[in-house]
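A short worksheet on the structure shown next.
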């Protein structure tokens, strides 16, 4: 059920209407089938790309939509309400473009960014490693200089779109310095030596491919280094602030859908000759679910408005991710409860929503890590810098 929104422009309202139409026509009918078959919906991303929905927060001059994050995140929420795997993919693609768009040189942006934002290609983000999830500064993947190129070796874990993406934003170590020895590279999927392992078998988001990417002598031209050598971890953490907002919006959309389905069921199902919504236990449960979704959405959009205003928003992004994903876990669990025994079967999608919500408390930095980020920022006594370079354990990165 569409949520009434206060949007900044008429263009934004039209964009949201278009998103709902696309989501209802192209996502809703396919979601259950693809999730059951664990099949990656590449054709759906092409549809979203052709509609301009994969490049919304980036500048028009490079092929983006020129939309503020406040609007982009509401688009992500609408997509998530129909198909969470696809919404996560949107967020990951936007994150994979972030280093080039924000930290690339003018020449790199002019040459490389338009193809990434064209809608024809899909990106992936390679930061985490099997032993370096919440502590990416511990990564061991290497990039060594070889004349006018870099040669990358190692393995990057938990890569969303792994094996399906057209380009990969890869963090690899160029020096031994823990925090300042990591660099960022833009790698084409066709580069020899870049291979995907068998996709992970996951509890939820089974329509989203997640795989380890193997780097075996992957030769990357020197002009595909984004930023300076040693700047990669700072670039990654900068991107994570924005990425957390994307995942928070996905969580809000998923929670809203679970609430909508639970409300519809409660208005139809009868016990003791009354609709179950007329029992106070169920009515109050739905009220608490509505409060959780509404407050999570407000938290996400407040953080987005800070970002759009050019203000520091790292703490607010962590709060939004924490609040929204915890709310999604709670609301989807309560939706299953309202459906009763039927909710525990695959005859209704609420059991899938609950499985999908769980990982949102884990990727883009576990919610325990978010509490650490927030508390440290409170100790500093301000909103903190947009870029962090910390030498203590850092957020687990990948959806």
Exactly one condition in (1) in the same structural domain as residue 317 (by TED's automatic domain parsing); (2) over 30 Å from residue 108 (Cβ atoms); (3) out of contact with any strand residue (DSSP E or B) (no Cβ under 9 Å at 6 or more places or on another chain); (4) surrounded by fewer than 24 Cβ atoms within 10 Å (Cβ to Cβ) is false for residue 257; which is it? (4)
Out of (1) modelled with pLDDT under 95; (2) in contact with a helix residue (DSSP H, G or I) (Cβ under 8 Å, 6 or more places away or on another chain); (3) within 13 Å of residue 236 (Cα to Cα), the odd one out for residue 178 is which? (3)
Of the residues 257, 269, 244, which single one is closer than 19 Å to residue 341 by Cβ and in contact with a helix residue (DSSP H, G or I) (Cβ under 7 Å, 6 or more places away or on another chain)? 269
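For every residue, the table says whether it meets (1) modelled with pLDDT of 95 or more; (2) crowded, with 23+ Cβ neighbours inside 10 Å; (3) farther than 30 Å from residue 351 by Cα.
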| site | (1), (2), (3) |
| --- | --- |
| 163 | yes, no, no |
| 188 | yes, no, yes |
| 193 | yes, no, yes |
| 196 | yes, no, no |
| 215 | yes, yes, yes |
| 218 | yes, yes, yes |
| 221 | yes, no, yes |
Scan segment 298-333 for residues that are more than 17 Å from the chain's Cα centre (by Cα), surrounded by 22 or more Cβ atoms within 10 Å (Cβ to Cβ) and over 17 Å from residue 378 (Cα atoms) and jot them down. 331, 332
Evaluate the following for residue 20: is it in contact (Cβ under 8 Å) with a residue 24 or more places away in the chain, touching a helix residue (DSSP H, G or I) at 6+ places or on another chain (Cβ under 7 Å) and either surrounded by fewer than 23 Cβ atoms within 10 Å (Cβ to Cβ) or under 30 Å from residue 227 (Cα atoms) (or both)? yes
From the options 238, 223, 216, residue that is assigned to a strand (DSSP E or B) and touching a residue at least 60 places away in the same chain (Cβ under 8 Å): 216
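For segment 40-56, give me the residue count where each residue is under 13 Å from residue 94 (Cβ atoms) and over 16 Å from the mean Cα position of the chain (by Cα). Quick ask: steps written out before the conclusion?
In the first step, residues of segment 40-56 are kept if they are under 13 Å from residue 94 (Cβ atoms); the result is 45, 48-49, 52-56.
Remaining after also requiring over 16 Å from the mean Cα position of the chain (by Cα): 49, 52.
Total satisfying the criteria: 2.
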Examine segment 260-269 for a residue that is buried (at least 24 other Cβ atoms within 10 Å of the Cβ) and not assigned by TED's automatic domain parsing to the domain that holds residue 74, and state whether such a residue exists. yes
I need every pair where a residue in segment 335-364 that is on the phi > 0 side of the Ramachandran plot has its Cβ under 7 Å from the Cβ of a residue that is buried (at least 19 other Cβ atoms within 10 Å of the Cβ) and not in a loop (DSSP other than H, G, I, E, B), sequence separation at least 6 or different chains. 364/240; 364/243; 364/244; 364/247; 364/321
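Which of the residues that make up segment 129-154 are under 19 Å from residue 209 (Cβ atoms), in contact with a strand residue (DSSP E or B) (Cβ under 7 Å, 6 or more places away or on another chain) and buried (at least 20 other Cβ atoms within 10 Å of the Cβ)? Even if it seems obvious, please write down each step before you answer.
So the first thing to find is which residues in segment 129-154 are under 19 Å from residue 209 (Cβ atoms), and the list is 129-130, 133.
Applying the additional criterion that residues be in contact with a strand residue (DSSP E or B) (Cβ under 7 Å, 6 or more places away or on another chain) yields 129-130.
Result: 129, single match.
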Any chance residue 398 is at pLDDT 95 or above, surrounded by 15 or more Cβ atoms within 10 Å (Cβ to Cβ) and touching a helix residue (DSSP H, G or I) at 6+ places or on another chain (Cβ under 9 Å): no
Given the criterion on the phi < 0 side of the Ramachandran plot and without any contact (Cβ under 8 Å) to a residue 60 or more places away in the chain, identify the matching residue among 85, 105, 134, 118. 105
Single unsatisfied condition, residue 382 versus (1) modelled with pLDDT under 95; (2) within 28 Å of residue 202 (Cβ to Cβ); (3) out of contact with any strand residue (DSSP E or B) (no Cβ under 7 Å at 6 or more places or on another chain): (2)
Just checking, does segment 116-123 include any residue being surrounded by fewer than 18 Cβ atoms within 10 Å (Cβ to Cβ), in contact with a strand residue (DSSP E or B) (Cβ under 9 Å, 6 or more places away or on another chain) and closer than 30 Å to residue 46 by Cα? no
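Within segment 290-297, is even one residue assigned by TED's automatic domain parsing to the domain that holds residue 355, buried (at least 24 other Cβ atoms within 10 Å of the Cβ) and farther than 20 Å from residue 356 by Cβ?
Initial filter on segment 290-297 (assigned by TED's automatic domain parsing to the domain that holds residue 355): 290-297.
Filter again for buried (at least 24 other Cβ atoms within 10 Å of the Cβ), leaving 293, 296-297.
Cutting the leftovers down to farther than 20 Å from residue 356 by Cβ gives us none.
Within segment 290-297, not a single residue is assigned by TED's automatic domain parsing to the domain that holds residue 355, buried (at least 24 other Cβ atoms within 10 Å of the Cβ) and farther than 20 Å from residue 356 by Cβ.
Right, residue 243: in the same structural domain as residue 313 (by TED's automatic domain parsing), part of a helix (DSSP H, G or I), in contact with a strand residue (DSSP E or B) (Cβ under 9 Å, 6 or more places away or on another chain) and closer than 24 Å to residue 73 by Cα or not? Steps first, please.
Details: in the same structural domain as residue 313 (by TED's automatic domain parsing): yes; part of a helix (DSSP H, G or I): yes; in contact with a strand residue (DSSP E or B) (Cβ under 9 Å, 6 or more places away or on another chain): yes; closer than 24 Å to residue 73 by Cα: yes.
For residue 243, the condition - in the same structural domain as residue 313 (by TED's automatic domain parsing), part of a helix (DSSP H, G or I), in contact with a strand residue (DSSP E or B) (Cβ under 9 Å, 6 or more places away or on another chain) and closer than 24 Å to residue 73 by Cα - is met.
The values are calculated or read from the model by the stated rules, or taken from the named source; none is laboratory data. Predicted, not measured: the structure shown is a model, and the values here were computed from it. Note that each Cβ is placed from the backbone with ideal geometry, even for glycine, and that neighbours are counted across all protein chains shown.
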